[in-house]
Amino acid sequence: KEGECFSPTPSSMLAESLVVFTIVLCVHMVVWDRYSWCAIALAIQAFYIQFKWDRLLQLGGAVFQFRTTANSGLLPASMVIPLLGIVMKERCKTSGIVYFERFGIVVASTGMVIALFLSVIAVGITKPVPTNTCILSGVAGSLIIYTMKHSLTVSEVVEVLEVLLIFVYLSMILLYLLPRCFSPGEALLVLGGISFILNQLIKRSLNLIEGRGDPIDFFLLVLVVGVVLLGIFFTVLFLFMDSGTWTSSMFFHMMTAVLGLGVIMPWLYRLIRRNPLFWLLQFLFQTQTRVYLLGYWTLLAASACTVVLYQNAKRSSESKKHQAPTVIRKCFHFIVVATYVPGLIYDPQLLYVAAVLCLAVFIFLEYVRYFRIKPFGQMLRHLLSLFLDERDSGPLILTHIYLLLGMSLPVWLFPRPCAHKGFLSGTGALVPYSGVLAVGVGDTIASVFGSTMGEIKWPGTKKTFEGTMTAIFAQIIAVALILIFDISVNLNSSYAWILGSISLVSLLEAYTTQIDNLFLPLYLQILLMA
């Protein structure tokens, strides 16, 4: 079926690499500077390295256990963070905001260094050692280090190395505790992002200047780091005790409250200089529009829960049917689109905070399910098992969290300070809608139409030509509707670039075996920001 994971073939891997190379070249046609050579060199060496990772995965020679239904995905993952930093730097340079321009340079450099680290690991554990690939990695690494030496200050170099160190330790912990949850590329993107967030939180906490930064940015940093540290703490703890007893469950809830009220709340208080709960309540109910949006979102959440309960009741009455069909799973994509579009139009800041809260709730509920915490742990295991697919081959169920991340990352990563000086003209105005277009509309329509009416398959995949073409057409219609209903969007006749960006990302969806909910919105955001 359209949307199911498949065993990667050489033709599909080459096609995926070709699409990624095309995106890299398109970005650097517009944004060409000293980092362009680094990005192209990184892409070439990642292309060769990913075949080494694939061979290690097939032979079982990888250091950790990775997802078996996907290729390594090193090339598409290696380019996301560097390209995002490069286009952010260029956009903020045009706006004249030096702080975020330098921040973009640090993001790009960090992404390149983390990708090089994974490349060195793959080359180091491949037997016999591939000479030509080693030379390519050495050339790319030398070019990147030389460019960083002449572009970064000493403090920025230290920051990049700090993120790399956090990434190394975080990878050793999480990939050991969570086998088969990630491909190497997904691990690079997810753990690299968490490492960068943790480093930013530490940096801002130590160098706090009163009045510097937006409270909602601190809200995101603290909650993401808090729930990750909470998960690591309980995973280590429950290695030594049974998590399914009432005693362990009471201890889980008690320690969650202690860590939340004793660590996360004081940390937030130090950063935003006010009581976090009072600030949050005041923020959520500040205007009548926000009250209406919160009520509307509550109804949508109730409808999503109703779908889950109805499908499980149906499964009980039809014992032969063990999995929800593609159309039912994609209903959640439509619900998420109905959630995000009004938020983006009427109150993006409220959507930003609500998405952070929702992410924290999703991760907490996954802890409850994974550790079988009473009284709801076993029930969540039963309810969510209906919606599993091959991508959930590890101990965690992450697809719904990836869906939320894919829709939210363009909102969170949107450089708001740069938006006040011309960002909202041209394709940049569509950047917050990247998740809605790529995942909510494109991926959903491709899956539904491809699985029901698709006949012509793309070579080496189970995705269909009809599904991809329908997805492109649906996203074009969605852009037209955004232009009608969101008066702040002004594309300035940049329709050809939008069509090309949507088409490239739709082709990537057809060929990639990585988590499309995570990769597609980021690539569309990169193209629209360029």
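Observations on the model:
- Other-chain or far-sequence residues with amide H under 5 Å of Lys457's (modelled H): Phe465
- Summing charges over all other residues whose Cβ lies under 14 Å from the Cβ of Lys374, with Lys and Arg as +1 and Asp and Glu as -1, gives +2.
- Net length available on complete extension from Cys305 to Val236 is 21.7 nm, with 0.36 nm assigned per residue and the Cα-Cα distance removed.
- Taken as Cα centroids, segment 130-184 and segment 255-300 sit 36 Å apart, rounded to the nearest whole angstrom.
- Positive minus negative residues near Phe251 (Lys, Arg vs Asp, Glu; Cβ under 12 Å): 0
- A simple count of charges around Thr444, restricted to other residues whose Cβ falls under 10 Å of its Cβ and scoring Lys, Arg +1 and Asp, Glu -1, yields +1.
- Compared with the direct C-alpha span, the chain from Ala313 to Ile145 gains 54.7 nm at full extension, assuming 0.36 nm per residue.
- Percent RCO, i.e. relative contact order, over the chain, from Cα pairs under 8 Å lying at least 6 residues apart: 21
- Inter-probe distance in nm under a simple model that places probes 7 Å from Cα toward Cβ, at Ala257 and Phe21: 5.9
- Percent of Cα pairs exceeding the 35 Å cut-off, where the set is the chain: 33
- Taken per residue, the accessible surface of segment 7-175 reaches 42 Å², heavy atoms only and a 1.4 Å probe.
- Think of it as helices only: each DSSP H run of n ≥ 4 in the chain is worth -39500 (n - 2.57), and spread over all residues that comes to -24000 deg cm²/dmol at 222 nm.
- In terms of its Cα atoms, segment 7-175 spans 50, 33, 29 Å along the principal axes, sorted from long to short.
- Cα-based shape type of segment 338-470, given that a ≥ b ≥ c are square roots of the gyration tensor eigenvalues and the cut on a/c is 1.5: oblate
- If R0 equals 35 Å, the separation of the Cβ atoms of Asn490 and Gln282 corresponds to a calculated FRET efficiency of about 0.60.
- Listed cross-link partners Lys52/Lys127; Lys314/Lys374; Lys330/Lys463 are compared with a 19 Å cut-off, the Cα-Cα value being larger for Lys314/Lys374.
- Cα gyration tensor shape for segment 103-223, rounded if a/c is under 1.5, else prolate or oblate: oblate
- Sequence-separation-based contact order of segment 7-175, relative, with Cα cut under 8 Å and 6+ spacing, percent: 25
- Two-decimal log10 I(q)/I(0) for segment 243-304, as the Debye equation yields it once each C-alpha is a single scatterer, q = 0.12, 0.28, 0.29, 0.30 Å⁻¹: -0.54, -0.98, -1.02, -1.06
- Across the accessible surface of the chain, with the other protein chains kept in place and a 1.4 Å probe, carbon and sulfur atoms take up 70 percent.
The values are calculated or read from the model by the stated rules, or taken from the named source; none is laboratory data. Computed from a predicted structure; not experimentally measured. Neighbour counts are summed over all protein chains in view; Cβ atoms, including those assigned to glycine, are modelled from backbone coordinates with ideal geometry. For accessibility, only protein heavy atoms count, side chains too; no ligands or nucleic acids. Shrake-Rupley method; radii C 1.70, N 1.55, O 1.52, S 1.80 Å.
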